[in-house]
Amino acid sequence: MISRSALCLRACVWTLAALTATAVAAGAQTPTLGDVAKKEAERRKAQQPAAKVYTNKDLPASAQKPATPAPSDAQGTIVDPVAAATEQKPDPAKEEKPEEKKEEKDEAWWKGRITQAREELRRNEIFADALQTRINSLSRDYVNRDNPAQRAKIGQDRADALNEMARVKADIDRGKKQIAEIEEEARKLNVPPGWLR
């Protein structure tokens, strides 16, 4: 006859084996961080190479020479040679402020802007997919647990994941709206459609 302690030991071993099998099966179904990283690396390899990068070597020789220092007075204040010659002080109201300078919106600027918005949206969508997988896994674990302490911990983790999912979905909606706004702004400014591809 089998003793009660041996029976308990067998039950514990079978329970542990069942839990291990369940954990392994659940872990095999969710993509790991390594899998996501490999997928991202493959995507980057498939992307077209970036446009030409300009360096100082690409500039004309006249632009590579260091600028001559501006003349200064006895106190070391830089003097405008034209204003000094005509004895007029420059009018600060007429000077162009750096903030007022218009940014040149060429093809590279539009492509960079739309690409950045699309990349952010893509990252948020991938994150939402990963969160959904985690939520599904936690929901399954919650239902299969009998221990109240473990269920409480899993329930809290699931609630946190659901809150994060709501935030990510809001970011996705904001990203889609931003892309639509960029496309609408480009349409109003008669930007060629090819610049936004």
Practice task
Let me know the shape class of segment 107-197, please: from the alpha-carbon gyration tensor, a ≥ b ≥ c as square roots of the eigenvalues, rounded when a/c is under 1.5, otherwise prolate if a/b is greater than b/c, or oblate.
Solution key: prolate
Fill in the blank from the handout: Dividing the mean separation of Cα pairs under 8 Å (6+ apart) by the residue count of segment 107-197 yields a relative contact order in percent of 47
Exercise for the section: Lys and Arg at +1, Asp and Glu at -1: add these up for the other residues within a Cβ distance under 14 Å of ASP157 and post the number. Expected result: +3
Completion exercise
Output ordering of 123-129, 191-197 (per-residue mean of other Cβ within 10 Å, highest first) is 123-129, 191-197
Completion exercise
Flagged as over-length at 18 Å C-alpha distance, from LYS111/LYS188; LYS45/LYS176; LYS105/LYS188, the pairs are LYS45/LYS176
Completion exercise
Rounded to one decimal in nm, the spacing of the 7 Å Cα→Cβ label points at LEU7 and ARG197 is 7.6
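Read-outs throughout are calculated quantities, based only on the coordinates presented, and are distinct from any laboratory measurement. Treat the numbers as computed from the prediction; the structure is a model and nothing was measured. Every residue, glycine as well, gets a Cβ built from its backbone with ideal geometry; the counts of neighbours run over all protein chains shown.
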